[in-house]
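Chemist: Would you mind keeping the following structure in view while I ask a few things?
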Amino acid sequence: MAGVRDRGLSALLAEATEQVTDDHRDTCDVADPISPSATVAILRLSDGLIEHLVLGDSVLVLGRADGEPLVVSDPREVIISRSYRSALKAAAEGSDEYRRVLRDLRANRNQPGGFWVAKDDPRAADEAITGSCPISELTGAVLLSNGASRIVDRFGLADWPGVMAVLASSGPAEIIRRVRQAEARHAVAADDATIAYCTDLGEA
């Protein structure tokens, strides 16, 4: 990304999606609704600007010197998933019914009226949430998988200013520790919890 600053993040994501898909097209059914896919969060520092992109249920938070953090998210998968939640809870995990409901949910991927992820269609990158702002306005940035963002959007253990404060004082491991404790307390299956915490943006 650093070497092609004249190309937008959506174009780069589309190209990457196409390359990965082509690498697997001869050995995998890449168009199957349950073939592998990924959410995406990208941050690029370029010429005094922070550019960002979010596709799927990852979250990006930009700490601002003069106000509340800017939270960048793509809510479409969460909104669609709500209508399937009760059916998934009612079915035994791993059962034929559970797999059927899950397949129905995933059939909404990369469809108008559904949600968008990086999968086999590079055009999904055009649906990403993008933007930019001056680096001088920011104190830091954090990219989180949806398993890590549970600290706010599922368990309500902190708000985003609180998350940024914990990151500054104790680092990402403390956020993940609190999420794991909450998952155990609520008997919720652990989800991938990944955090990239970026500081000293003005020195990049």
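Chemist: Where the centre of each part is set by its Cα atoms, how far does segment 130-196 sit from segment 1-41, in angstrom?
Modeler: Rounded to whole Å, the Cα centres lie 26 Å apart.
Chemist: Does the chain come out rounded, prolate or oblate, given a ≥ b ≥ c as the square roots of the eigenvalues of its C-alpha gyration tensor, rounded meaning a/c under 1.5 and, failing that, prolate meaning a/b above b/c? Intermediate values should be presented prior to the final figure.
Modeler: Working: a/c = 2.25, a/b = 1.19, b/c = 1.89.
Cα axes put the chain in the oblate bin.
Chemist: Over all directions, how big on average is the projection of the convex hull of the alpha-carbon atoms in segment 137-204, in square nanometres? Display every interim value, and only then the final one.
Modeler: On the way: hull surface 18.4 nm².
If I average the Cα hull's projected area over directions, I get 4.6 nm².
Chemist: Go ahead and estimate [θ] at 222 nm for the chain from helices alone: -39,500 (n - 2.57) per DSSP H run with n ≥ 4, summed, over the residue count, rounded to 500.
Modeler: That calculation yields -11000 deg cm²/dmol at 222 nm.
Chemist: Give me the percent of accessible area attributable to carbon and sulfur for the chain, probe 1.4 angstrom.
Modeler: So the carbon and sulfur contribution to the accessible surface is 49 percent.
Chemist: Share of Cα-Cα pairs in segment 98-188 beyond 16 Å, in percent?
Modeler: Within segment 98-188, distances greater than 16 Å cover 69 percent of Cα pairs.
Chemist: Let me ask something else. Any idea which of A148, P122, P112 is furthest toward the positive side of the dipole for the chain, if Lys and Arg beta-carbons carry +1 and Asp and Glu beta-carbons -1?
Modeler: Looking along the dipole axis, the top candidate is A148.
Chemist: Can you tell me the FRET efficiency between R5 and D66 if r is taken as the Cβ-Cβ distance and R0 is 30 Å, rounded to the nearest 0.05?
Modeler: E(calc), rounded to 0.05, equals 0.65.
Chemist: OK, next. For segment 41-93, with equal point scatterers placed on the C-alpha atoms only and solvent neglected, what are the log10 I(q)/I(0) values from the Debye formula at q = 0.17, 0.25, 0.32 1/Å, to two decimals?
Modeler: Treating every Cα as an identical point scatterer, log10 I(q)/I(0) equals -0.68, -0.99, -1.16.
Chemist: Show me the GluC sites (Glu not before Pro) within segment 2-101 that DSSP assigns to loop and that have at most 11 other Cβ atoms within 10 Å of their Cβ.
Modeler: E93
Chemist: Tell me, what is the FRET efficiency for R103 and S132 to the nearest 0.05, using R0 = 45 angstrom and their Cβ-Cβ distance as r? Don't jump to the answer; show the numbers that get you there.
Modeler: Working: r = 38 Å, r/R0 = 0.83.
Taking R0 as 45 Å, the efficiency between R103 and S132 is 0.75.
Chemist: Here's another thing I want to ask about it. Between L88 and H186, what length comes free when the chain is fully extended (0.36 nm per residue of separation minus the Cα-Cα distance, one decimal in nm)?
Modeler: Computed gain between L88 and H186 is 33.5 nm.
Chemist: Let me know the shape class of segment 6-120, please: from the alpha-carbon gyration tensor, a ≥ b ≥ c as square roots of the eigenvalues, rounded when a/c is under 1.5, otherwise prolate if a/b is greater than b/c, or oblate.
Modeler: Since a/c reaches 1.5 but b/c is at least a/b, the shape of segment 6-120 is classed as oblate.
Chemist: Taking the solvent-accessible surface of protein heavy atoms with a 1.4 Å probe, what is the per residue accessible area of the chain in Å²?
Modeler: Spelled out: the 1.4 Å probe surface of the chain, per residue, equals 54 Å².
The values are calculated or read from the model by the stated rules, or taken from the named source; none is laboratory data. Predicted model, so just to flag it, every value in this text is computed and none were measured. A quick note on method: Cβ atoms are made from the backbone with ideal geometry, for glycine too, and the neighbour counts reach across all protein chains shown. For accessibility, only protein heavy atoms count, side chains too; no ligands or nucleic acids. Shrake-Rupley method; radii C 1.70, N 1.55, O 1.52, S 1.80 Å.
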